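As structure tokens, the structure follows; a few thoughts come after it.
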Amino acid sequence: MTTQLGHLRRTPPVSSGTETASAGTTACAAATQPRRHSGAITTRRHGVRYWGVMALLGGLSVFFTAGILGYDNPMPFGSDGYWLIARMRVETVLVIGVVVFCQAMATVSFQTATNNRIITPSIMGFESLYVAIQTGAVFFFGIAGITLVTGLPQFLMQAGAMVLFATILYTWLLSGKFSNIHIMLLVGVVIGGGLGSLSTFMQRVLTPSEFDVLTARLFGNIGNARGEYLPYAIPIALAAAGVLWLRARRLNVVALGRNTADNLGVDHRREVMIILALVSVLMAMSTSLVGPMTFLGFLVATLAYQFADTYSHRMLFPMAMLIGYTVLAGAYFIMRNIFYAQGAVTLIIELIGGIVFLIVLMRKGRL
Amino acid sequence: MISLTEVAKNYGSAGASDAVAIGPVSVDIAAGGITALVGPNGAGKSTILTMIGRLLDVDAGRIEVAGHDVVKSPSKTIAKILSILRQENHFVTRLTVRQLVGFGRFPHSQGRLTHEDERHISEAIDFLDLTALEGRYLDQLSGGQRQRAYVAMVLAQGTDYVLLDEPLNNLDMQHAVQMMQQLRRAADELGRTVVIVLHDINFAARYSDRILAMKDGVVVEHGTPAEIMQDAVLTRVFDTEVTVIEGPGGPLAVYY
């Protein structure tokens, strides 16, 4: 008995390997069975399915990228003009990539930190703040106001304001006597709702033309994204995501909840604050670039959990990104080339994405 | 040894009429064997256990486990000395039994499981008779099996001290007895010090080496089951008329 249990013992084992057949416990099976392993991939089938889905999504991503770059190009293939037009469209692909990258990383990390798979960063008042800033500019300065919130310093200031807002909210609510994630979420939802109502009120008193200009800004809009922000948004997003990637193993533990994480020696409160600060950076990048994308993050994260079926964030993140890219690039391609309405990609994401989401959820019956 | 010095916890604002205080508690829990924390609802058993496991902040006093101050020492260090399992365990992540138990090795490997870790995991799983179930997902298990998987996780953590908050909750007769027998083996064969909050005084009497009785936030009795299993002592602790009779496996408290 002592022999097989030797490794679990805190004191050194008495002997080793001399009386292996004793007691007939299951412990000795460990030596004879094929190697038992833990790891994020449970069975061969799981691994095949994961990489199969990844390959399929990769293929679709390449297909839609090629479609966006090359489809409906009026110049003959191979001519200088053809490549000129294709190069101009690269910016769109980059915007889609950055937005999806930010939304996927942010939503998965946020849901891990909050131990909840229903709420998303959008609910926490991020996008309401963006809408309030934009609406406020038009409300106070008229149509000219929209130019006041457009430009590189404004981009950085707006992103900074959003990060500041989120970080203050999180640190205030997570340290001190509340230290309760549910209260934080409730306050976030209330602030988000309040800002939303304020924006709605201001929109009511705008002139129709001002309202029209504003609506164009507030719709999640890939085609109208500000490309000049990209050189700043990309490195910032990469840096924030890089930190999350490096902490992925801790994220796996944080996902088990406060008690388990603390038991395993991971300072849950500190980790959650770090994660939420990084999430706010990513969300600020995405929102400043294209405006609110309320449903995208939720859809992408939920589908990633379903298809990846693992606790490992290093498997979830790439899956979520590829799903997001396929969905957003696909929606953009379809809206642009079939409905000639590239402005309204969020419509198709919410329609198609919502249906796919419901189907997957109904079939599996769990989040 | 687990050593508590003037440990206190205040619920509600100090001085308010509804303020509830746990403590001050000063007690030494010896290393080795099973120590059961018993007492009526609201006596502070879980609070004390959770504070020892540093999941709850201590308002006053000092808690040392094997010479380490649990508040001041790095959480990482403590995670190799003691493990704690609370009552409510619900994970949003979908995990297999083996993956869950594997997380118990996090303090040692920081998530990069070595062969050594894998061996500990296998042994903890085998120890709790979960070998056949190790590939199953937690949501495919019964309550009793899931409870065993949680205990396997804290055993795989390989700590000298194992703290369990009412592990028999929601377990039927058979599973409760099995769980206590497995914990008994963990103490006897693996040399772990098990501190456990129990609701049923008879389970405590049958399986533990020491009983720590709490009432109104303070320790009122601390001794062997034979010392605690007395009519007068139990009646005082639980505020209920209790008669101790001699049962087939030791003294039994009758209070129905």
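Derivation of every value follows stated rules applied to the coordinates shown; laboratory data play no part. The structure displayed is predicted, hence computed values, not measured ones. Glycine gets a Cβ as well: all are built from the backbone with ideal geometry, and neighbour counts include every protein chain shown.
Once both labels are positioned 7 Å from their Cα atoms along Cα-to-Cβ, the gap between B:Glu227 and A:His37 label points is 5.3 nm.
Per residue, the average separation of C-alpha pairs within less than 8 Å and at least 6 apart gives the stretch B:101-203 a relative contact order of 28 percent.
Evaluate peptide B:122-131: per residue, the Cβ atoms of other protein chains within 10 Å of its Cβ; return the mean as an integer.
On the way: counts 11, 9, 2, 4, 10, 6, 0, 2, 1, 7.
Mean shielding count: 5.
Length available on full extension from B:Asp139 to B:Tyr255: 0.36 nm per residue minus the Cα-Cα distance, which gives 38.1 nm.
Exposure proxy shown here: for B:Asp139, B:Asp188, the number of other Cβ atoms within 10 Å sets the order, fewest to most, as B:Asp139, B:Asp188. Here the relative contact order of chain B, from alpha carbon pairs under 8 Å that lie six or more residues apart, stands at 24 percent.
Within 10 Å of each Cβ in peptide B:85-95, how many partner chain Cβ atoms are there on average? Round it to a whole number, please. Before the final figure, lay out the partial values.
Working: counts 3, 6, 1, 2, 4, 3, 6, 13, 12, 8, 6.
Per residue, the number of nearby Cβ atoms from other chains is 6 on average.
With Cβ to Cβ distances under 13 Å as the rule, what net charge do the other residues near B:Ala232 carry (K, R +1; D, E -1)? Don't skip to the answer; put the middle values down first.
Values: positive: B:Arg236; negative: B:Glu221, B:Glu227, B:Asp231, B:Asp239, B:Glu241.
Its environment carries a net charge of -4.
For the peptides A:259-266, A:92-99, B:55-62, the ranking by packing is A:259-266, A:92-99, B:55-62, with the highest mean count of neighbouring Cβ atoms within 10 Å listed first. Each Lys and Arg Cβ is given +1 and each Asp and Glu Cβ -1; about its Cα centre, chain B then shows a dipole of about 780 debye.
Between A:Leu185 and A:Glu228, the C-beta separation translates, for a Förster distance of 35 Å, into a calculated FRET efficiency of about 0.50. Using only the alpha carbon atoms of the protein assembly as shown, find the Kirkwood hydrodynamic radius as the inverse mean reciprocal pair distance, in angstroms to one decimal. Answer for the protein assembly as shown: a Kirkwood hydrodynamic radius of 27.4 Å. In order along the stretch B:165-170, the Karplus-derived 3J(HN,Hα) couplings, from 6.51 cos²θ - 1.76 cosθ + 1.60 at θ = phi - 60°, round to 9, 6, x, 8, 4, 6 Hz, and Gly and Pro are given as x.
Write down the Kirkwood hydrodynamic radius of chain B, to one decimal in angstroms, obtained as one divided by the mean of 1/r over all alpha carbon pairs.
Numbers: mean 1/r = 0.0527 Å⁻¹.
Evaluated over chain B, this radius sits at 19.0 Å.
Under 5 Å between amide hydrogens, built in the peptide plane, is the criterion, and for B:Lys215 it picks out B:Val220 among residues at least 5 positions away or on other chains.
In the calculated pair-distance distribution of the stretch A:270-367, the portion above 17 angstrom amounts to 59 percent of the Cα-Cα pairs.
Hey, what number do you get for chain B at 222 nm if only DSSP H runs of n ≥ 4 count, each worth -39500 (n - 2.57), divided across all residues, to the nearest 500? The partial results should precede the final answer.
Details: 10 runs with 87 residues, N = 256.
When only DSSP H runs of four or more count, the value is -9500 deg cm²/dmol.
Listed by Cβ neighbour count within 10 Å, with the fewest neighbours leading, B:Thr240, A:Thr302 appear as B:Thr240, A:Thr302.
Inter-chain Cβ neighbour count for A:246-256, averaged per residue, equals 3 (cutoff 10 Å, partner chain atoms only). Note on A:Arg270/A:Leu351: beta-carbon distance plugged into 1/(1 + (r/R0)^6) with R0 of 25 Å gives a FRET efficiency of 0.05. Extension gain for A:Val62-A:Ala277 works out to 74.2 nm (0.36 nm per residue, less the C-alpha to C-alpha distance). Can you list which of the GluC sites (Glu not before Pro) found in the stretch B:62-171 are DSSP loop residues with at most 15 other C-beta atoms within 10 Å? Here the sparse-neighbourhood loop sites are B:Glu88.
What FRET efficiency do you get for A:His46 and B:Asp200 if R0 is 41 Å and r is their Cβ-Cβ distance, rounded to the nearest 0.05? Don't skip to the answer; put the middle values down first.
Values: r = 41 Å, r/R0 = 1.00.
Approximately 0.50, to the nearest 0.05.
Cross-link reach is defined here as a Cα-Cα straight distance under 17 Å, omitting same-chain residues fewer than 8 places apart; for B:Lys45 the lysines meeting it are B:Lys9, B:Lys215.
Backbone geometry of the stretch B:235-240 corresponds, through the Karplus equation with coefficients 6.51, -1.76 and 1.60 at θ = phi - 60°, to 3J(HN,Hα) couplings of 4, 5, 5, 9, 6, 9 Hz, x marking Gly and Pro.
A straight line joining the Cα centroids of the stretch A:88-145 and the stretch A:248-288 runs 19 Å. Note on B:Ala30 and B:Arg112: the model spin-label points, each 7 Å out from Cα along the C-beta direction, lie 4.3 nm apart.
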